[in-house]
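In what follows, a single structure is set out as structure tokens and then discussed.
The values are calculated or read from the model by the stated rules, or taken from the named source; none is laboratory data. Please read these numbers as outputs of a predicted model, since none were measured by experiment. For neighbour counting, all protein chains shown are included, and Cβ atoms are generated from backbone atoms with ideal geometry for every residue, glycine included.
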């Protein structure tokens, strides 16, 4: 990972609440903030700056007491005078202004032109600075479909205006690690500003693209718990945190707290966690295949990227239709019931022929009873 890494921006309470049907109560928002803070994420985006979101004042008060300065607290904000004024009243540590970068959004959605975008950008940043907001970030919406020359012009203009971070949005999730890498490196070179990345998961690439951005020199990545967000969602916080902690040595993240956080959000959003969900799925350390069982018995590192205990899980070795004789021998020996090869061969054949075998395979006690016959 690059030395430029500054941290993760959790956007569960902004982008996550844009998930259709998801609307957290204020008490749940308090609980989510508390648990995100415990994980050790560096920045929490608390919502969208708008007078309609009157709950934000109290949310900032609570978050300041909870984070005790460990996390920066931010707001997402359109380049609208009223929204910027409201944002300033919340006293955020970070104001993330957002403006479209692609001609599709500029001409079709806003019915404006590039000159208007540049003018609005300058005015919005100037207004934010008059309020004394300590850190101004600029989100470039639909950056992956923007004209590269205009994207660079926006980035240079932002730097000239006093913006302190770019936040590049792959708005419809069309980026790949290669294209995200190229875009990040281009804008770092052209603007000299630190870059963050906001990835969407429309093609299942959100977390990979976020990590690719960091490896290309980006300083920040956005993530949401369970990948909540528009359409297919965003980079999953639990995946990004676990990868950075376990594969890149960022041990300040408390990954043992991820399962509880994800359960809280799962219940609040009424979105089930799949059994094979990376990092937190209940079945990701369950194995039944003979070759893998044999390897796990000899050395768990053969088929596990990290110890299940690190995320509060446990290893489950199931014996059923897919189990081979060598794995059976090794496991029964560990259970204090050694058998020879011929017995193991006969037992594996019997297992494959059994009907009505439980989906989860045989328990240790059931396997011992079968072996003792």
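Overview of results
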read-out	value
Verdict on residue 233 being crowded, with 23+ Cβ neighbours inside 10 Å and outside the structural domain of residue 301 (by TED's automatic domain parsing)	no
Evaluation of residue 22 against (1) surrounded by fewer than 18 Cβ atoms within 10 Å (Cβ to Cβ); (2) without any contact (Cβ under 8 Å) to a residue 60 or more places away in the chain (one fails), failing number	(2)
Condition check for residue 283: modelled with pLDDT under 95, exposed (fewer than 15 other Cβ atoms within 10 Å of the Cβ) and over 16 Å from the mean Cα position of the chain (by Cα)	yes
Selected residue [in the same structural domain as residue 29 (by TED's automatic domain parsing), within 10 Å of the chain's Cα centre (by Cα) and modelled with pLDDT of 95 or more] from 260, 223	223
Residues satisfying the stated conditions in region 238-253, i.e. closer than 13 Å to residue 311 by Cα and in contact with a strand residue (DSSP E or B) (Cβ under 9 Å, 6 or more places away or on another chain)	238, 239, 241, 253
Residue match in region 261-274 (condition: part of a loop (DSSP other than H, G, I, E, B) and closer than 21 Å to residue 14 by Cβ)	yes
Residues of region 158-167 classified as assigned to a helix (DSSP H, G or I) and either touching a helix residue (DSSP H, G or I) at 6+ places or on another chain (Cβ under 6 Å) or on the phi > 0 side of the Ramachandran plot (or both), total	2
Selection within region 90-118 - surrounded by 14 or more Cβ atoms within 10 Å (Cβ to Cβ), without any contact (Cβ under 8 Å) to a residue 40 or more places away in the chain and over 28 Å from the mean Cα position of the chain (by Cα)	106, 112, 114, 117, 118
Per-region count, region 60-89, residues crowded, with 21+ Cβ neighbours inside 10 Å and over 24 Å from residue 163 (Cβ atoms)	0
Odd one out for residue 274, checked against (1) over 26 Å from residue 28 (Cβ atoms); (2) under 18 Å from the mean Cα position of the chain (by Cα); (3) not assigned by TED's automatic domain parsing to the domain that holds residue 172	(1)
Residue count for region 287-305, restricted to those that are under 24 Å from residue 245 (Cα atoms) and crowded, with 18+ Cβ neighbours inside 10 Å	1
